[in-house]
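Only the coordinates and a few stated rules stand behind these numbers; no lab work does. Owing to the predicted nature of the structure, the values given are computational and were not obtained by experimental measurement. Every residue, glycine as well, gets a Cβ built from its backbone with ideal geometry; the counts of neighbours run over all protein chains shown.
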Amino acid sequence: MAKDNQFYFEFSKFYSGLSPAAHLNDLTSVGGSGHSSDMVNCDVLNPDYLQQGPELSALTGTPGELINFIMDKAVADDVTYGIGATKLFSLSSTAVSALHTISACADGESCLNLKGVLYYPFNTSSEGRIGSYDLASTYNDSWASGLEKAPHPIASKEDIFVMGNGRYLSVYTKETDTFEPEKLDFGTGYEVSDVVFHGNQWWIAVNSGIAGDNRTVGEIYVYDGSATETILADEASVGVQRIGFLYVLSGMIYVAYQDLSSNTFNIGYIYGRQIKRLASFKGTLPTFAQKTLFKNTILFLSDSKVFSCGAVIDDLPIQISQLATGGTGAVAAPFGTPLISTASGVYKFSGYEVTSSWRSIVIPLMSGSNLGTIDEVVVLTNTLGDGARADLQLEYDQDTADSGTAQQITGAKRRHILKNFGGPHEDFRIFIDFANGSAVNPVQIRKIFVTGHYFEK
């Protein structure tokens, strides 16, 4: 905003998250006063401020292998289960321990508690199987065998579970103890990628085509809740895009899907027979094991990073943000705080990450042929505790120059006045780095004010 020869910018509403075009260009100017062109481990979920994202703290215990799936619901107080490459695991809010080595298991897929029995689908070197555990002492690693060697997403309602089984949908009814491994057959070249239950119906995400670096077609089928029929009720398609996961939240079904023509993927929601896109991300497509709920947003893993999509309250817009780093296996929050698996162990959110930074969108500084010089930046924060610090720098002219040594935001105060930024320039963006900060006392940035004047040239 300009007045005579002066200009003034206010940066706030950081809850907006990443710019809608950040996945296309990290020097984007698209967005509002709180949008970011690039962020690393930033928490923008609180409507009042921007701060460092959560640090990942290791649970006690070393799994010795990547845990592929963690149940998102506790089976008992502070107890849930997960499955890795060869073992079944028990997890609490503080520890992880190996529970059972699964016979012939080469790739654990998922877990489900149904009426006091834990079912754990897995793949051997040649086929798919399902094991069962009575939650006491008895394991049966061949409860079902001869299944497809494929991903095995699983979901339940009352006394029924349905499971993806390659080209098939498998159904188990506990009341009659009937397991039908090929209840629905989607055909050669099809693979079930996720299943959820919502609105007394099963929703089944299916991809068709040759997987890998090839385009596939994603479709979502609706199936009767009783799972007794062999006829599908309806379907919606995302076209030549691969579906990663489905997620039910607040009466809506959300979909993660990807077009291989770009290094990005989307999250949208089902609206009738349409998929309405909400946001786009740069990274790998997350799977059925890489999603959970966190502060009313969908938390998921992509490219060993933790992302959030959604709004913490309905009055705010949908945001996308990169919250933390880590996670190549599964994410779940059975005890409220997210648990994230990596090759080295299982971690949970704890404290604040100092490997954290935030960049605003690019703001033009030109008025006609005149360039702009920034005179002052005022940063409003919380009252900073011991060791709390952030460093601010301005990046100029499409990030080809900067304002020099970063200026510190520190000290027991809430208003930080920074000057001497040089100039004039064509454009700028704000770069905030928390690398020299504290893992205990965060810097919470409420607003940033930038003032300057035009330079006739």
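Please compute the alpha carbon radius of gyration of the chain, then divide it by the globular-protein estimate 2.2 N^0.38 Å. Two decimals is fine.
Numbers: Rg = 24.9 Å, N = 457, 2.2 N^0.38 = 22.6 Å.
Normalised Cα radius of gyration, the chain: 1.10.
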Next item on the list: Hey, could you grab the Kirkwood Rh for the stretch 52-104? Inverse mean 1/r over distinct alpha carbon pairs, Å, one decimal.
Entry: 11.8
Notebook entry, point to check: Ordered by residue, what ³J(HN,Hα) values in Hz, to whole numbers, does the stretch 37-49 give under the Karplus form 6.51 cos²θ - 1.76 cosθ + 1.60, where θ = phi - 60° and Gly and Pro are x?
Noted result: 8, 6, 9, 10, 6, 10, 9, 10, 7, 6, x, 9, 6
Notebook entry, point to check: So for the chain, taking the charge dipole from beta-carbon charges (+1 Lys/Arg, -1 Asp/Glu), which of THR86, ILE445, ALA333 sits furthest toward the positive end?
Noted result: ILE445
Notebook entry, point to check: Using the Karplus equation 6.51 cos²θ - 1.76 cosθ + 1.60 (θ = phi - 60°), what ³J(HN,Hα) coupling, rounded to whole Hz, does each residue of the stretch 220-230 give in order, writing x for Gly and Pro?
Noted result: 10, 9, 10, 10, 3, x, 6, 6, 9, 7, 10
Next item on the list: Pull out a ≥ b ≥ c, the square roots of the eigenvalues of the alpha-carbon gyration tensor of the stretch 140-190, then state rounded if a/c is under 1.5, prolate if not and a/b is larger than b/c, and oblate in the remaining case.
Entry: prolate
Check: Which whole-angstrom value gives the distance between the alpha carbon centres of the stretch 125-198 and the stretch 329-359?
Finding: 29
Item checked: When the stretch 366-425 is reduced to its Cα atoms, the Kirkwood hydrodynamic radius in Å -> 12.9
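Return an integer: the convex hull volume of the alpha-carbon atoms of the stretch 90-165, in Å³ per residue. Spell out each step's value before the answer.
Values: hull volume 7.7 nm³, N = 76.
Output value, Cα hull per residue: 101 Å³.
Can you count the Lys pairs in the stretch 60-334 with C-alpha separation below 14 Å, eight or more apart or on different chains? Please list the in-between numbers first.
Working: LYS73/LYS115; LYS73/LYS157; LYS73/LYS291; LYS115/LYS157; LYS115/LYS174; LYS157/LYS174; LYS282/LYS305; LYS291/LYS305.
Final tally of qualifying lysine pairs is 8.
Where Lys and Arg each count +1 and Asp and Glu each count -1, what net charge lies around ALA21 among other residues with Cβ under 15 Å from its Cβ? Provide the component values of the computation, followed by the final result.
Numbers: positive: ARG277, LYS282, ARG359, ARG429; negative: ASP26, ASP38.
Here the count lands on +2.
What relative contact order, as a whole-number percentage, does the chain give when Cα pairs under 8 Å and 6 or more residues apart are counted?
Working: 1330 pairs, mean separation 75.9, N = 457.
After rounding, I find 17 percent.
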Note to self: Would the stretch 407-457 count as rounded, prolate or oblate if I go by the C-alpha gyration tensor, calling it rounded below 1.5 in a/c and otherwise prolate when a/b exceeds b/c, oblate otherwise?
What the structure shows: prolate
Checklist line | Cβ-based exposure ranking for SER36, SER137, in which fewest neighbours within 10 Å come first | finding: SER137, SER36
Note to self: Along the charge dipole of the chain, pointing to its positive end and built from +1/-1 on Cβ of Lys, Arg, Asp and Glu, which listed residue (ASN5, SER19, LEU260) has its Cα farthest out?
What the structure shows: ASN5
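Among residues other than GLY166 whose Cβ falls under 14 Å from its Cβ, what is the net charge (Lys/Arg +1, Asp/Glu -1)? Don't skip to the end; give the middle numbers.
Details: positive: ARG129, LYS149, ARG167, LYS183; negative: ASP107, GLU109, GLU127, GLU148, GLU182, ASP185, GLU191, ASP194.
That sum, taken over residues with Cβ under 14 Å, equals -4.
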Next item on the list: Would you mind ranking TRP203, TRP358 so that the residue whose beta carbon has the fewest other beta carbons within 10 Å leads the list?
Entry: TRP203, TRP358
Item checked: Summed side-chain charge close to LYS447 - residues other than LYS447 whose Cβ falls under 15 Å, Lys, Arg +1, Asp, Glu -1 -> +2
Note to self: What are the ³J(HN,Hα) couplings of the stretch 99-112, residue after residue, when phi is run through the Karplus curve with 6.51, -1.76, 1.60 and θ = phi - 60°? Round to Hz, x for glycine and proline.
What the structure shows: 10, 6, 8, 7, 4, 6, 6, 10, 6, x, 10, 6, 9, 8
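Listing LYS13, LYS291 from the residue with the fewest other Cβ atoms within 10 Å to the one with the most, what is the order?
Values: LYS13 19, LYS291 23.
Going from sparsest to densest Cβ surroundings: LYS13, LYS291.
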